[in-house]
Amino acid sequence: MDAIDLHSINPWEVSFLREEVGAYFANGVELPPGATVLDVGANVGVFSAAVYERLDGDVRIYAFEPLPPLHETLARNGRDFFGGRLTALPYGLAAAEDELDFSYFPAATIFSSSWRSADNVEAERRRVTASIVEMIRRGGLGAAARRVPAPLLRGLVGRKLRVMRQLETHRVRVRPLSAVLDEHGIDRIDLLKVDVEGAELDVLRGIEDRHWPLVRQAVVEVEGWQRHREEVQAVFAGRGFAVTAVQDPVQEAADIGMVFAVRAG
């Protein structure tokens, strides 16, 4: 993973993404050699790189990143690191063909989303602050940071995340996944990973009934956990998957969680 270019994102984002990667391979999720993996919400390719290394390069990855500054790095990483095994696609996924305004945070790229804007960024900053504070209180940055009093910690983290006030708006293309599967001739999906900062259900609605049998496993990070968890679970349960919903205390503070779906057999 160290071989890919990570200079376009901040060091704390790199640490966060690397820690997050391990959480995807749990609750029955396994990858066979020669797997086909869809990385939806790829950023610069940290998850894709972990998959590539995990399978010693015996994998086919389709990585989706609609924001031009991030896609440029993802595409370069695809050429330089993945030995032709990664296809970097310059659009996002949604229920239908469209163009959407995405908010891009240059100093906090992992929070970029079509669901964030200048209107809600302060509420989002408070939510993210609560999650990071909880992570630190549980030892995420070592014992010394854990001893900092909670009010001081909230102030420090909140000031650090003021970078979320610096945002750019990019008009980007989104497509339904079924159209992409047809276009690229993808005939199986061993793992569908979705981390799209609030647009999870839109991604799933872009899969037509004829394509659901191709999906063997999925892991979806769900934002707005209290509102959307049951609906995301129902999408998979209604199509024959064994579904596990997981939320740890850090995720609870941010109202997010993970849904794992594994097809029996």
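The values are calculated or read from the model by the stated rules, or taken from the named source; none is laboratory data. Worth saying up front: this structure is predicted, and the values here are computed from it rather than measured. FYI the Cβ positions are ideal-geometry reconstructions off the backbone, even for glycines, and counts take in every protein chain you see.
What the table shows:
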quantity	calculated
Residues satisfying the stated conditions in the range 33-54, i.e. at pLDDT 95 or above and farther than 22 Å from residue 180 by Cβ	33
Long-range neighbours under 6 Å by Cβ, at least six apart or interchain, first residue outside the structural domain of residue 35 (by TED's automatic domain parsing) within the range 214-235, second part of a helix (DSSP H, G or I)	none
Unmet criterion (only one of (1) closer than 22 Å to residue 35 by Cα; (2) buried (at least 17 other Cβ atoms within 10 Å of the Cβ)) for residue 183	(2)
Test: residue 251 is part of a helix (DSSP H, G or I) and closer than 15 Å to residue 26 by Cβ	yes
Subset of the range 240-263 [closer than 15 Å to residue 194 by Cβ and without any contact (Cβ under 8 Å) to a residue 40 or more places away in the chain]	241, 243, 245, 257
Residues being at pLDDT 95 or above, in a loop (DSSP other than H, G, I, E, B) and surrounded by 14 or more Cβ atoms within 10 Å (Cβ to Cβ) - total across the range 198-219	3
Output for the range 73-91, where each listed residue is crowded, with 16+ Cβ neighbours inside 10 Å and farther than 21 Å from residue 185 by Cβ	73, 74, 76, 77, 81
Residue identified as charged (D, E, K, R) and within 13 Å of the chain's Cα centre (by Cα) among 39, 80, 56, 101	39
Matching entry among 243, 222 (being touching a Lys or Arg at 6+ places or on another chain (Cβ under 6 Å), outside any helix (DSSP H, G or I) and modelled with pLDDT of 95 or more)	222
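Residue-wise test of (1) touching a residue at least 24 places away in the same chain (Cβ under 8 Å); (2) in contact with a helix residue (DSSP H, G or I) (Cβ under 8 Å, 6 or more places away or on another chain); (3) not β-branched (Val, Ile, Thr); (4) not in a helix (DSSP H, G or I).
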| site | (1), (2), (3), (4) |
| --- | --- |
| 21 | yes, yes, no, no |
| 36 | yes, no, no, yes |
| 49 | yes, yes, yes, no |
| 62 | yes, yes, yes, yes |
| 73 | yes, no, no, no |
| 79 | no, no, yes, no |
| 87 | yes, yes, no, yes |
